[in-house]
Structures are given as C-alpha cells and as structure tokens.
Amino acid sequence: MNKKIQIPFDKEELKDLRAGDYVYLSGTVYSARDAAHKRMYEAVLAADSEEAKRAALPFDIRNQAIYYLGPTPAPEGHVIGSAGPTTASRMDKYTPMLLDMGLTGMIGKGKRSPEVREAVVRNGCVYFAATGGAGALLSKCIVSSEVIAYDDLGTEAIRKMEVRDFPAVVVIDSAGNNLYETAVKDYLASRK
Amino acid sequence: MRNIHTDVITEAVKKMCIEANLALAPDMEACIRHAAEVEDGALGKKILDSLIENMEIAKEESIPICQDTGMAVFFVEVGQDLHIEGAGLTEAINEGVRQGYRDGYLRKSVVADPLLRTNTGDNTPAIIHYDIVPGDALTITIAPKGFGSENMSKVYMLKPADGEEGIRASVLDAVKNAGPNACPPLFVGVGLGGDFELAAKLAKKALTRDADSRHPDAHIAKLEDEILDLINQTGIGPGGLGGKTTALSVKIETYPTHIAGMPLAVNMCCHVNRHRSVTL
C-alpha cells in the first residue's frame, strides 16, 4: 500500500501504518548520524532538569524525524549532494532516549536493537528504511537543506531539510512488527 | 630505466577517485540490470529498479552513486625497473585523493584518530597496498570502500579439517549476520589461505575482480558458484526485503597457507562495488 505521510508526524495517523507499507514522506526531516547522536546524547545526560534536557538538543525533536544521513557536498546549483541512508544500528545506543523525549520517526537502513524496538512501541513511533546506496535518486526528493547545528562535524552536522515525496518503507511499525523478520519468511514461503 | 613523475600519478589518481564514485564499471552495472530482470520478490524488485534509476541519475547529473564515497583503498603494483621522480609515491597518491575528493564533491569520511574522531577534512590518508613486480610499469587500482558493508566483514581462523564445508558455512554465516545492514545485493570478497592479515587483504582484492570473471582454478571457481547459490537461497534479497538476489557475485582469492591452518576472510561489499585501474 502506498501512503503519503506529512512530517511533523501525527501520531494517530502513524498507528495505521504497518511494516511493509510503502510511504512517501513530505515535510521536515533532520539529518544526524554517529557523531551528532553522541553529542546530543551527552548533552542531554549532562543536563539536570527536564527543561534543560530539552534545551540541550539543537532542535525540538517532538513529532519530528531524524534521517541517518551524511551527504556528499552539494555541487553548485544543487540543494545537496548524494543523500542515501546510513546503517541505523550504530545509533541504537542513543535512540531509546531520543524516542522517549519525543522523536517520532527515523529513516535509515538495516536492523535495530530490541531496545529500540521496545522504545518504538512504547512511544508509538515508526522506523522507516530508505534504499541503501540510492543516494543520487533520494537527493532529488530533498528540496532544501540548511546546517542548523554542529557545523564543525562536516558531513555529520545536523541539517534541517525539507523533503517532498521521499520514498521509504515501514520496517518497524508502532505495534513492533518488523519487516526484516517477516519479509524474508514471506518470500521463502511464496517460493514453496 | 623508465622515469615517471609523481605529478602524473597524482593527476591519474584524482581522475580515478571521481570516475569510480560517479559511475559503476560496465560489469557491475550489467550485473544489477540482470538481477532486476530476474528478481521475483516484490519488494526486492522495487529496490533493484530504484538502484537502476539511481545509477542513471548519478551519471546524468554527476552526483555520486552513494553518499558514502568511501575510504580510498589502493592496490599499487610498482615495476622494479621503474624510477619515480618528484614527491614520495605515497604522498602523490594522497594528493590525488585530496584533489579528487575536493573537486569531485565527494564526501570526506576519514577521521584522524579512531577514538578522538576529528575528520581530516580531505579524505586522506588513503589505504595503500603495494606490490613490487617485474617490469617498468605502474598499475594503480582504486576501490573506494563504504563502511556500511565494511562493518559486516569477518575473519575466520578455520582449521584444515573444516574443509570446503567450513568455508561455505562461514561465508553464509557472515552474509546472514550482515542481513540488510550491508546493503544487499552484495558483492562478496573472500580471501582464503595465507595468514590472518593476508586473508583479509585478499578478500578486499577479490572485490576488484570483474563481476563476470571466474577463478582460474576449477575447484575454486566451483566453490564461488556454490557459495553464491547458497547465499541466494537465504531469501534475504535486495535491501533485505526478500528476494532471490542477496548477492550478485562471490569472488575468492587464495594464497598458500600453513599446515595447521586455513584462514578465511569475508569482505562484504554492497552493490556499489566501485573500482578503476590504470597502468602508467
């Protein structure tokens, strides 16, 4: 099933998404990968109140999506360079905390830890996968991009980006179904 | 004795860095197109179709195929009768990487210290494997390597008694462990024999072979075919979303080894298996 989804997310709408649904995402997404996650995580841990923890993050993550991405530099006349997903599991250590603070969507590729899956269910979130290694194609769905934090990290800086009809597939839905577990079984069963 | 100036080497390396990241070699492209034709997994087929569209956009618009333009890995064969003038050879190669990654708008993905992790800003240093060979030619092969797949690579110190069965089982174990993380369909490089570090180097070198090449030894070529078949029975498929194309190719490189051992290294590469060679 193909669905159009707007970001910031409406968590009620996300409840209807199921692992395996093909979606087109439009709206705001923030890029962050290894180094930016580490920095956000440490900043939150160092803060001593709920308010300070929220202020320690470079953007309000509530109902937002993080795209695990470190793009190539934008050539002249382009919004961004090649911009495909990186492996999500490297962010697993930092993710449950961000989901508990309100982050709602993640776009990446590859498996997640049981802890991430539990946090996804606990908070009614969704983990989407984009096609790994399709950075040129996916860059066409990014209509604006601006570094908003951690500029010193180069490609790993946090970017605020607008996307239009960005193609992704639901891997872990808000009920905890996991497409990587079911898709391979379903495929093998279909061949018998 | 033949002379070559390092300026020529730097220029060639710069050009190869850019070309390798913007377009796959024809053998790799043909492999992916064929896979899309025969794939029978619905989601898997969708992934392969988008990879073809991606290659076309990359070529038309000069955008890197993948945003992970890799660490620049080189295999360099230096003819022992060649005289190199100018800067140091290693510095000349690094300068080519510096210029290529800057002028080609490629990503700078290298940190200076594994723990302190400050980006070097120019994608250097490269990883360079040298071989001294007869003659007076200089052959440089570049294989920019992304780390989504590199992270899923493994070394197995197998015993002689493990035999072919142990090899098949170990490669399959590495592929299953990689699952969707290494961006299947994969190109699987296997190093068999030598010692601990040579097996890993051979596995990386195996990735630079043409997709349609076969190992010259019949028993190794047969093993390549058998392992590819086993991998493609897992159903992992393109993107890990189910399908018959989990790997596009398996290549094995071998070297004599010790009476007590049978080292095996599996270097995973995604479908963006990039390489270029030049002889100067």
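The values are calculated or read from the model by the stated rules, or taken from the named source; none is laboratory data. If you're wondering where the values come from, they're calculated on a predicted model, not measured in any experiment. Methodologically, a virtual Cβ is constructed for each residue, glycine included, from the backbone with ideal geometry; neighbour enumeration extends over all protein chains shown. To get the accessible areas, we keep the full protein, side chains included, count just its heavy atoms, and leave off ligands, DNA and RNA. Shrake-Rupley method; radii C 1.70, N 1.55, O 1.52, S 1.80 Å.
Laid out as a table, the results:
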item	result
Threshold 30 Å², region A:135-151 residues less accessible with all protein chains present than alone (1.4 Å probe)	A:Ala136, A:Leu137, A:Lys140
Those Cys residues of chain B for which no other cysteine Cβ falls under 4.7 Å	B:Cys17, B:Cys31, B:Cys66, B:Cys269
Net charge, B:Gly237 excluded, C-beta distance under 14 Å - Lys, Arg +1, Asp, Glu -1	+2
Within chain B: Cβ-based charge dipole about Cα centre, in debye rounded to nearest 20 (Lys, Arg +1; Asp, Glu -1)	560 debye
Inter-label distance, nm, simple model (7 Å from Cα along the C-beta direction), A:Val143/A:Lys11	2.8 nm
Residues in region B:67-86 that a label on B:Asp136 would reach, taking backbone N under 14 Å of a point 7 Å out along Cα→Cβ	B:79-85
Qualifying trypsin sites (Lys or Arg not before Pro) in region B:105-179, DSSP loop, other Cβ atoms within 10 Å at most 15	B:Arg117
Charge dipole magnitude, Cβ of K and R +1, D and E -1 - region A:2-191, Cα centre, debye nearest 20	560 debye
Chain B - percent relative contact order, Cα under 8 Å, separation 6 or more	27 percent
Heavy-atom SASA rank of A:Ser144, A:Ser113 (probe 1.4 Å, accessible area, largest first)	A:Ser144, A:Ser113
Overall form of region A:21-106 per C-alpha gyration tensor (a/c, 1.5; a/b vs b/c)	prolate
For region B:16-84 and region A:135-192, distance of Cα centres in Å	21 Å
Length released on extending from B:Ile259 to B:Glu164, taking residue separation times 0.36 nm less the Cα-Cα span	32.6 nm
For chain B, calculated [θ]222 nm from helices alone, where every DSSP H run of n ≥ 4 adds -39500 (n - 2.57)	-13000 deg cm²/dmol
Geometric extent, Cα atoms of region B:148-278 - Rg, Dmax (angstrom)	13.6, 42
Carbon/sulfur fraction of accessible area - chain B, other protein chains in place, 1.4 Å, %	55 percent
Restraint check, A:Lys111/B:Lys45; A:Lys38/B:Lys244; B:Lys159/B:Lys251; A:Lys4/A:Lys111; A:Lys11/A:Lys53; A:Lys93/B:Lys251, Cα-Cα greater than 26 Å	A:Lys38/B:Lys244; A:Lys93/B:Lys251
Choice from A:Val120, A:Val143, A:Val169 with maximal GNM fluctuation in chain A (Cα, 10 Å cutoff)	A:Val143
For region B:19-33, 3J(HN,Hα) per residue [Karplus equation, 6.51 cos²θ - 1.76 cosθ + 1.60, θ = phi - 60°, Hz, x = Gly/Pro]	4, 5, 8, 9, 8, 6, 5, x, 5, 5, 4, 4, 4, 5, 5
Pairwise FRET efficiency - A:Ser49 versus A:Asp152, Cβ, R0 = 25 Å, nearest 0.05	0.40
Net charge contributed by nearby residues that have their C-beta within less than 9 Å of A:Arg191 (K/R +1, D/E -1)	+1
Solution diffusion estimate, µm²/s, Stokes-Einstein, the protein assembly as shown, Kirkwood Rh from C-alpha pairs, 37 °C, viscosity 0.692 mPa s	143 µm²/s
Placed amide H near B:Gly242: partners under 5 Å, 5+ positions off or other chain	B:Gly237
Solvent-accessible ranking of B:His34, B:His215, largest area first, probe 1.4 Å	B:His34, B:His215
Surface accessible to a 1.4 Å probe, B:Ile236 within the full protein complex, Å²	20 Å²
Net charge of neighbours whose Cβ lies under 14 Å from the Cβ of B:Glu19, counting Lys and Arg as +1 and Asp and Glu as -1	+2
Computed magnitude of the charge dipole of the protein assembly as shown (debye, nearest 20; Cβ of K, R +1, Cβ of D, E -1)	920 debye
Shape category assigned to region A:89-192 from the gyration tensor of Cα positions, a/c cut at 1.5	oblate
Total accessible surface hidden between B and A, rounded to 100 Å², 1.4 Å probe	3100 Å²
Test item: B:44-50 mean partner chain Cβ contacts at 10 Å	3
Cα shape, region B:45-202, gyration tensor, a/c 1.5 rule	oblate
Occluded residues from region B:110-155, i.e. those whose accessible area drops by 30 Å² or more once the chain is not alone (1.4 Å probe)	none
The protein assembly as shown, accessible area per residue, ligands and nucleic acids excluded (1.4 Å, Å²)	41 Å²
